[in-house]
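Here's the structure we're looking at; comments come further down.
Just so it is clear, none of the values below were taken in a lab; they were calculated from the coordinates. Note that the coordinates shown come from a computational prediction; the quantities given were computed from them, not determined experimentally. Virtual Cβ from ideal backbone geometry, glycine too; neighbours counted across all protein chains shown.
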Amino acid sequence: MSVKLVYFAWVRERIGKPEEEIDLPASVITVRDLLNHLKDLGEEYENALQFPEVIRVAINQEHAEHDELIAGAREIGIFPPMTGG
Amino acid sequence: MSVKLVYFAWVRERIGKPEEEIDLPASVITVRDLLNHLKDLGEEYENALQFPEVIRVAINQEHAEHDELIAGAREIGIFPPMTGG
Amino acid sequence: MSNITPTIRVQSADFDLQSEIDALIARRKDIGAVVTFSGLCRDEQGALSALELEHYPGMAEAEMRRIGGIAVKRFSLLGLTAIHRHGRIMPGENIVLVIAAAPHRQAAFDGANFVMDFLKTSAPFWKKEHAADGTAGDWIAAKDADDTARDKWK
Amino acid sequence: MSNITPTIRVQSADFDLQSEIDALIARRKDIGAVVTFSGLCRDEQGALSALELEHYPGMAEAEMRRIGGIAVKRFSLLGLTAIHRHGRIMPGENIVLVIAAAPHRQAAFDGANFVMDFLKTSAPFWKKEHAADGTAGDWIAAKDADDTARDKWK
């Protein structure tokens with residue numbers, strides 16, 4: 001499965017790019033699986049996602065819980081808790 | 001004791017004047033006494049003040065309860081409950 | 001302790017919200033939240049042609065100033081403006097404006113809400129309705145709901 | 001049931017409050033209460049030179065629209081506008097604007113307050129501080145108090 005990942009705020013800064021297209025192995029089923037998979041991709045990912053429980057994720061631009069399935073996702077946003085307003 | 005009375009809204013309309021200077025007998029001590037005294041001054045006053053419990057009073061432009069003393073009052077405002085805002 | 005003096009006006013002219021906010025904020029940079037309340041004249045499904053706003057000159061300003069002073073202290077406001085119009089007001093027009101400024105949002109919301117609740121029940125203003133059919137209208141009756149709204153701040 | 005569609009914008013330009021209210025009200029005469037919330041950039045006692053506002057284009061608008069739709073239904077609003085700026089914002093400048101219009105005042109207050117509480121915790125915006133001394137600043141941390149404020153609407 002190929003999916004577009006988009007990063008924001010300090011997640012973006014630590015990973016070092018705003019977005020990328022990646023191929024996911026079949027073992028990546030949930031949002032939690034995805035975050036753990038990314039952590040293994042290198043030091044910058046490890047640094048960005050070292051505390052995955054604080055990371056927020058959106059699937060196709062809608063908020064998703066960590067136990068949500070990523071099947072059907074075209075775009076997955078990964079970012080810190082929001083601080084707008 | 002002579003005092004300036006000012007009337008507003010339907011109290012003003014029913015009494016038929018916006019203000020007047022009147023002399024009060026020594027027996028008029030409280031706001032309640034004043035309202036009862038005015039009710040006896042004629043049909044228009046009786047009509048305006050027939051339910052004195054709903055009437056609001058201000059002494060020297062500050063809200064006053066009905067049991068408050070009117071000694072020292074220069075100006076007494078008499079009006080219905082407020083409906084601004 | 002706050003030494004903010006509320007801006008209080010009773011006037012027949014309309015007001016411009018952005019100008020009033022700009023004046024309140026001036027060159028301050030410690031304000032993080034501004035809440036405004038505008039009260040407008042409704043036409044009551046076409047039944048109303050205008051409102052006539054009567055007030056007690058002098059006392060109206062004094063009472064608004066008193067309410068404003070309490071709000072500034074209670075919610076540690078950094079700015080407060082209250083403007084109430086008098087005279088004839090047409091449907092769709094402004095009647096009243098309250099602006100509360102604070103470092104954070106809840107104080108600004110509470111400050112403006114508090115001032116409106118007390119202004120409704122304590123400031124000496126009265127509304128008379130003019131009917132669309134030209135007949136002399138009635139004075140609006142005070143609502144128990146307004147006393148209830150005020151009493152939530154006790 | 002209300003068929004009001006909220007006005008939602010994400011933009012780098014500033015906004016004018018009175019113009020936004022005028023657009024919201026248009027020629028309506030059933031609106032009795034308009035509450036606005038403006039969020040401004042504080043300078044943190046001179047420590048801050050600017051905020052950098054980052055957002056998730058597309059999702060930010062969608063999330064604001066979703067929150068706005070819930071507020072319109074819940075408080076029977078007659079109008080709702082939410083504008084959030086992005087990019088570099090200086091102390092004293094506007095960050096966000098919410099306007100809620102209703103027949104009566106409490107619904108307008110609650111509508112604006114509700115939208116702000118959810119916008120803070122759910123709309124994808126992030127603030128980075130730029131320090132007055134020129135050093136690269138930190139990303140602002142989310143506050144538990146904002147979650148608590150949101151949860152009062154449950």
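How many Cβ atoms of partner chains, on average, are near each residue of C:13-20 if near means within 10 Å of its Cβ?
Details: counts 0, 0, 1, 3, 9, 8, 2, 2.
For this peptide, the per-residue mean of nearby foreign Cβ atoms is 3.
Per the Debye formula on identical point scatterers at the alpha carbon atoms of the range D:7-151, with no solvent, log10 I(q)/I(0) at q = 0.09, 0.20 Å⁻¹ is -0.29, -1.22.
If you take every DSSP beta bridge whose two residues both sit in the range A:2-79, what share of them, in percent to the nearest 5, is antiparallel? Write out the running numbers ahead of the final one.
On the way: 13 of 17 bridges.
So the antiparallel bridges amount to about 75 percent of the total.
Would you work out the relative contact order for the range C:27-105, in percent, from Cα pairs under 8 angstrom that are 6 or more residues apart? Mind dumping the intermediate values first?
Values: 130 pairs, mean separation 39.9, N = 79.
Relative contact order here is 51 percent.
Picking from C:LEU77, C:LEU48, C:LEU119, which is most flexible by a Gaussian network model of chain C using Cα springs under 10 Å? Maximum among the listed residues: C:LEU48. Think of each Lys and Arg Cβ as +1 and each Asp and Glu Cβ as -1; about the Cα centre, that makes the dipole of chain B roughly 180 debye.
Largest first and in whole Å, give the semi-axes of the protein assembly as shown's equivalent ellipsoid, each being the square root of 5 times a Cα gyration tensor eigenvalue. Please report the intermediate quantities before stating the final value.
Numbers: eigenvalues 619, 99, 61 Å².
Those come to 56, 22, 17 Å.
Would you mind calculating the relative contact order of chain D from Cα pairs under 8 angstrom and at least 6 residues apart, reporting the percent as a whole number?
Relative contact order, chain D: 32 percent.
Ignoring lysines fewer than eight residues from B:LYS17 along the same chain, the ones with Cα atoms less than 20 angstrom from its Cα are B:LYS4, B:LYS39, C:LYS127, C:LYS128.
Taking every DSSP beta bridge that has both residues in the range D:1-91, what percent is antiparallel when rounded to the nearest 5?
40
Phi angles of the range D:69-86 translate, via the Karplus equation with coefficients 6.51, -1.76, 1.60 and θ = phi - 60°, into HN-Hα couplings of x, 5, 5, 4, 5, 5, 10, 6, 5, 9, x, 8, 10, 9, 10, 10, 8, 10 Hz per residue; Gly and Pro are given as x.
So in the range D:7-151, what percent of DSSP beta bridges are antiparallel if you round to the nearest 5? DSSP beta bridges in the range D:7-151 are roughly 85 percent antiparallel.
For C:ALA26 and D:ASP151, FRET efficiency with R0 = 41 Å and r from the beta-carbon atoms, rounded to 0.05? Walk me through the intermediate numbers first.
Details: r = 36 Å, r/R0 = 0.87.
It comes to 0.70.
Inside 10 Å of the C-beta atoms of C:25-34, what's the mean count of C-beta atoms belonging to other chains? All intermediate terms of the calculation are to be shown ahead of the outcome.
On the way: counts 3, 1, 1, 5, 12, 8, 7, 7, 8, 8.
Averaged over the peptide's residues, the number is 6.
In chain B, a dipole from Cβ-located charges (positive for Lys and Arg, negative for Asp and Glu) runs towards its positive end, and of B:ASN47, B:HIS37, B:GLY77 it is B:GLY77 whose Cα lies farthest in that direction. Cβ crowding within 10 Å ranks C:ASP144, C:ASP43 as C:ASP144, C:ASP43, fewest other Cβ atoms first.
Label-point spacing for C:GLU52 across the identical copies (point 7 Å from Cα in the Cβ direction), in nm and ascending order: 6.2.
Ascending distances from the A:LYS17 label point to its copies in the other chains, with the point 7 Å along the Cα-to-beta-carbon line: 9.0 nm. Within the listed set D:GLY68, D:GLY87, D:GLY111, the Gaussian network model of chain D (springs between alpha-carbon atoms below 10 Å) gives the highest mean-square fluctuation for D:GLY87. Highest mean packing first, where packing is the average number of other Cβ atoms within 10 Å per residue, the peptides D:145-151, D:15-21, D:55-61 line up as D:55-61, D:15-21, D:145-151.
A simple spin-label model places the labels of B:ARG14 and C:GLU93 2.8 nm from each other, with each point 7 Å out along Cα-to-Cβ. Across the range B:2-79, the fraction of Cα-Cα pairs farther apart than 20 Å, rounded to a whole number, is 18%. The chain A residue nearest the rotation axis shared with chain B, using its Cβ and rounding the distance to whole Å, is A:GLY85, 14. With label points defined 7 Å past Cα in the direction of Cβ, position D:ALA136 shows copy-to-copy spacings of 7.7 nm, given to one decimal and shortest first.
Which links in C:LYS120/D:LYS73; C:LYS120/D:LYS143; C:LYS120/D:LYS29 stretch past 29 Å when you go from one Cα to the other? Mind showing how you got there, number by number?
Numbers: C:LYS120/D:LYS73 27 Å; C:LYS120/D:LYS143 35 Å; C:LYS120/D:LYS29 21 Å.
Listed pairs above 29 Å: C:LYS120/D:LYS143.
Each of C:ILE70 and A:GLU53 was given a label point 7 Å from its Cα along the Cα-to-Cβ line. The distance between the two points is 4.7 nm. Just to be sure I understand: with springs between alpha-carbon atoms less than 10 Å apart, which residue in B:ILE22, B:ILE59, B:ILE70 has the highest mean-square fluctuation in the Gaussian network model of chain B? Answer for the Gaussian network model of chain B: B:ILE22.
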